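Heads up: the structure comes next, in structure tokens.
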Protein chains: 2
Amino acid sequence: MAELIKVSAQSRSTAVAGAIAGVMREHGYAEIQAIGASAINQAIKAITIARGYLEQDNMDLAVVPSFTEVDIEGNERTALRLAVYKRPANLTPPPISMNGSGHPQMV
Amino acid sequence: MAELIKVSAQSRSTAVAGAIAGVMREHGYAEIQAIGASAINQAIKAITIARGYLEQDNMDLAVVPSFTEVDIEGNERTALRLAVYKRPANLTPPPISMNGSGHPQMV
């Protein structure tokens, strides 16, 4: 299993982004853990920045989030776990339909 | 293009999760926009909850985050845009290697 990157509210997004890019280049997979709104925000921003860093490597990223229970000094807390994958070529929006609600209308 | 789901700091995660699940069932693709740490946190939690809602549909989700500039009452703000896709079957962790740094060691 790849290293777990733990992100806190004090983490700098660009530093975390560098760590994510490094782990993705080496292992092709990374896991990030964050607890609380500020840390989760930093983690998501870091993944978004890492997408830019990895453009030069012709690598894009896709994320699958999940909840996990962790023990913090004897207290059970719910953490967000972000599994980061290489974005596969088939991960694209569906073709645009010209009818149906929410789709572009012919005018 | 599918509807844009706008999430605010006041949005309830479970309500947003229901909206995401509905759009994914209908269109197979959704886009979410959030500005600020609280809204981004709500959006990510909502996607995680929606994964649970869609289990009964045998659908899983994967997310690609990006930044986008939006105009809020004449001011330019950076928003987080979350593109939500059906998770393809090939989006899985790489096979575990038994050597190399960060990998399980034989003991």
Taking the condition of a type in the set (A, V, I, L, M), part of a helix (DSSP H, G or I) and modelled with pLDDT of 95 or more, does A:Val63 pass?
no
A careful count of residues in region A:25-49 that are more than 26 Å from B:Ser13 (Cα to Cα) and surrounded by 22 or more Cβ atoms within 10 Å (Cβ to Cβ) gives 0
Failed item, numbered, when A:Val64 is tested on (1) out of contact with any helix residue (DSSP H, G or I) (no Cβ under 7 Å at 6 or more places or on another chain); (2) over 19 Å from B:Lys45 (Cα atoms); (3) open to solvent by less than 50 Å² (accessible area, probe 1.4 Å)
(2)
Just give me the residues in region B:36-60 being in a helix (DSSP H, G or I) and closer than 18 Å to A:Ala39 by Cα, in sequence order.
B:Ala37, B:Ser38, B:Ala39, B:Ile40, B:Asn41, B:Gln42, B:Ala43, B:Ile44, B:Lys45, B:Ala46, B:Ile47, B:Thr48
For region B:9-24, name all the residues that are exposed (fewer than 14 other Cβ atoms within 10 Å of the Cβ) and not charged (D, E, K, R).
B:Gln10, B:Thr14, B:Ala15
Pairs only if they're at least six apart or on different chains, beta carbon under 8 angstrom, first in region A:32-55 and farther than 14 Å from A:Ala17 by Cβ, second assigned to a helix (DSSP H, G or I) and among the basic types (Lys, Arg); list them, first residue then second.
A:Ile40/B:Lys45
Identify all residues within region B:18-66 that are of a type in the set (Phe, Trp, Tyr) and within 11 Å of chain A (Cβ to nearest Cβ); write none if there are none.
B:Tyr29
Can you pull out every residue in region B:68-89 that is open to solvent by 90 Å² or more (accessible area, probe 1.4 Å) and either part of a strand (DSSP E or B) or at the interface with another protein chain (Cβ under 8 Å from one of its Cβ atoms) (or both)?
B:Glu69, B:Asp71, B:Asn75, B:Glu76, B:Arg77, B:Lys86
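The values are calculated or read from the model by the stated rules, or taken from the named source; none is laboratory data. Computed from a predicted model, the values in this text were never measured in an experiment. FYI the Cβ positions are ideal-geometry reconstructions off the backbone, even for glycines, and counts take in every protein chain you see. Only protein heavy atoms, including side chains, enter the accessible area calculation; ligands, DNA and RNA are left aside. Shrake-Rupley method; radii C 1.70, N 1.55, O 1.52, S 1.80 Å.
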